[in-house]
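In what follows, a structure is listed as structure tokens, so that the remarks can point back to it.
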Amino acid sequence: IQVSIPIRNIYQLPTAPQYLFDEEARRSHRNLSDNLTFFTGCSYLLEALGGGAPGLIAEVKSFEPGDTTKLRANRVLQPSDLGFLKVGLLGLRCVFLG
């Protein structure tokens, strides 16, 4: 048996955003300081992902077969070559693109 009742009537889903406080409902958009804070946080996240992930991958590839776990952790936390600076610049470029 098929019943032609719209799903919206069955579940009674809200069509407008729901806010916890009335002040939030009255605001139409974020102000300048909210935007600066939000986009600064996004740029830091982009830099961490854009520069940190390739640097981590490069350090993991530099592991040698006889390395202990302690030595491997030290290599990841304290890179020995300056190649990570080139990768860090990739993260900065991602920030400027964002």
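Taking a sphere under 14 Å around the Cβ of Glu64 and counting the other residues whose Cβ falls inside, with K and R at +1 and D and E at -1, yields a net charge of +2.
If packing is taken as the average number of other Cβ atoms within 10 Å across a peptide's residues, how do 10-18, 69-77 rank, most packed first? Spell out each step's value before the answer.
On the way: 10-18: 7.2, 69-77: 11.3.
Result, highest mean first: 69-77, 10-18.
Read-outs: derived from the displayed coordinates by stated rules, not from any lab. Note that the coordinates shown come from a computational prediction; the quantities given were computed from them, not determined experimentally. All Cβ positions, even for glycine, are placed from backbone atoms using ideal geometry, and neighbour counts span all protein chains on display.
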